[in-house]
1. Compute the acute angle (0 to 90°) between the alpha-carbon long axis of helix 18-31 and the principal axis of greatest extent of the alpha-carbon atoms of the chain; round to the nearest 10°.
2. Lysines within cross-link reach of LYS18: Cα-Cα under 23 Å, excluding same-chain residues under 8 positions apart?
3. Among (i) 11.0; (ii) 13.2; (iii) 5.7, which one is mean projected area of the Cα convex hull in nm² computed from these coordinates?
4. Enter the angle in degrees (range 0 to 90, nearest 10) between the Cα long axis of helix 35-93 and the first principal axis of the Cα atoms of the chain, meaning the one along which they spread out most.
5. Taking the alpha-carbon distance from LYS11 and a cut-off under 18 Å, which aspartates and glutamates remain once sequence neighbours fewer than 8 residues away in the same chain are dropped?
Amino acid sequence: MLELREKNVRKVMNRIPKDIVNEIEHTAVHQEPERGEFVYVSTKRYMTDHEADNIREAMMVGYVEMSQINLRIAKECLHAELEAQHTMERLVSGG
């Protein structure tokens, strides 16, 4: 898979603690991807998870904002609901 992306690749050097590098090498040996492929997949997964977290957070903010709007509308319409209920009860009871 990495070979297909070679044309569109930029080499990046990062400092990573030795214990994490050892874990990467251990995992890469057992799963057989190249180290670069392992880092690529891990980075891509992190970015996807981070994007999902951002979307989830934005949705939570939106739901809170919408709940406030709905509450305001419900409060504004409460008198009409009470009036309708009173009218219905009066008509049903014949009075």
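Just so you know, all these numbers are worked out from the coordinates, no wet-lab data involved. Keep in mind it's a predicted model, so treat the numbers as computed, not measured.
1. 90
2. Candidates past the 8-residue exclusion: LYS44.
3. Identified label for the calculated read-out: (ii).
4. Taking Cα atoms only, the helix is inclined about 0 degrees.
5. Correct list for LYS11: GLU3, GLU34, GLU37.
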